[in-house]
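In what follows, a structure is listed as structure tokens, so that the remarks can point back to it.
Just so you know, all these numbers are worked out from the coordinates, no wet-lab data involved. None of the values given here were measured: they were computed from a predicted structure. Note that each Cβ is placed from the backbone with ideal geometry, even for glycine, and that neighbours are counted across all protein chains shown.
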Amino acid sequence: MREPGRFICGKQPRTRIQVKGRLPTGNLQKPFGWPPSSPFVHLDEVRPHPPLKARYETLADKPDYVNRLFDKGACHYDGIVDWGFFRTGGAYRKWVQERHGLKKGDRVLDVACGTGLVALAASRILGTAENITCLDPSEGMLAVARTKLNATFVVGRAEALPFPDNSFDFLTMGYALRHVTDLEETFREYQRVLKPGGRLLILEVTKPRGRIPRFMFRTYFGRIYPTLTQLFTRSADARDMMRYYWETMDACVPPEAVLSALATVGLSEVNRYTQLGLFSEYTATKPSPSKGCDPSPRHA
Ligand SMILES: C[S@@+](CC[C@H](N)C(=O)[O-])C[C@H]1O[C@@H](n2cnc3c(N)ncnc32)[C@H](O)[C@@H]1O
């Protein structure tokens, strides 16, 4: 069996951050430098970003707002991500899942499947889509996904997964972490539905740290990408979806907060790999009882 974190293609990640053990959210002030009173930490919640007041009033309004956005933009999504990421999306989604241990026979849950891009790449590795379950709250996105693969499709949200405990060998989430309301609640669900020894892979685009990379990132995702989207699709809804894409990336918690939340719920082997300093691959494993760990979620 492949060792977690090893690459089959021989390429090494630019950055790898490993979190060992549990980092309670109460300690966030010290290691990560953003205080518990910050908009990211609200009582027991760890938000991926503070509410975007220009978009919706309160956190409670966020799910409906996001749902409408993706429903309206669904028919444009594939085209936009295809040229926007220079036609690398399909190959990258397959490559990253192979590298992080997806193998034939695995039962897979693709959370926030959208139009099915991650699930489609997984089906190419598995040789079939019959063991893949795709979940998304947007009927519009699911309607596009259903045309592509013969998987099981479920309307639902990451924060409340409609599946029994210990159901899946491999759980993926592609570019949707910013859309959940609470990171820990979401990761507790991932921990619950994964089988002991099961692997989690979360893909994200993360704002780079340096001043110049940050400027280039802001210019591309904040201005060029939404403008070209409008130009190519002639759809204000598609432009708005990509503008929101940028706003959530800009406001997103730092990677350390994601790693901390993953470790807090009791997942082990929590890692972050990055490609080009932009593409984050968060990985974790649900501990096996045979290794002497308690697989049940731990609460801070
Ligand atoms: C940017 S798309 C990502 C689609 C696909 N995973 C990919 O790799 O291209 C984000 C998706 O997250 C979904 N989403 C939004 N909020 C969600 C939630 N709370 N739980 C699960 N999925 C959610 C949206 O409906 C949308 O389809």
Exercise. Given the conditions (1) touching a strand residue (DSSP E or B) at 6+ places or on another chain (Cβ under 8 Å); (2) surrounded by 16 or more Cβ atoms within 10 Å (Cβ to Cβ); (3) among the β-branched types (Val, Ile, Thr), and given that residue 144 satisfies all but one, which numbered condition is not satisfied?
Worked result: (1)
Seminar exercise, completed: When the range 209-257 is checked residue by residue, the ones that are among the acidic types (Asp, Glu) and more than 21 Å from residue 48 (Cα to Cα) are 237
Exercise. Within the range 168-181, can one find any residue that is under 24 Å from residue 92 (Cβ atoms), more than 15 Å from the chain's Cα centre (by Cα), within 13 Å of the ligand (Cβ to nearest atom) and basic (Lys, Arg)?
Worked result: no
Exercise. Restricting attention to the range 57-87, which residues are crowded, with 17+ Cβ neighbours inside 10 Å and without any contact (Cβ under 8 Å) to a residue 60 or more places away in the chain?
Worked result: 81
Exercise. Of (1) charged (D, E, K, R); (2) buried (at least 23 other Cβ atoms within 10 Å of the Cβ); (3) over 23 Å from residue 204 (Cβ atoms), residue 136 satisfies all except one. Which?
Worked result: (3)
Exercise. What are the residues in the range 249-266 that are assigned to a helix (DSSP H, G or I) and either touching a Ser or Thr at 6+ places or on another chain (Cβ under 9 Å) or crowded, with 17+ Cβ neighbours inside 10 Å (or both), if any?
Worked result: 249, 251, 255, 256, 257, 258, 259, 260, 261, 262, 263, 264
Exercise. Which of the residues belonging to the range 71-98 are touching a strand residue (DSSP E or B) at 6+ places or on another chain (Cβ under 8 Å) and more than 19 Å from residue 141 (Cβ to Cβ)?
Worked result: 92, 96, 97
Problem set entry | Test: residue in the range 246-264 that is charged (D, E, K, R), free of Cβ contacts under 8 Å to residues at least 24 places away in the same chain and closer than 18 Å to residue 179 by Cα | no
For this session: Give me a count of the residues in the range 94-120 that are of a type outside the set (Val, Ile, Thr) and near the ligand (Cβ under 9 Å from one of its atoms).
Result: 7
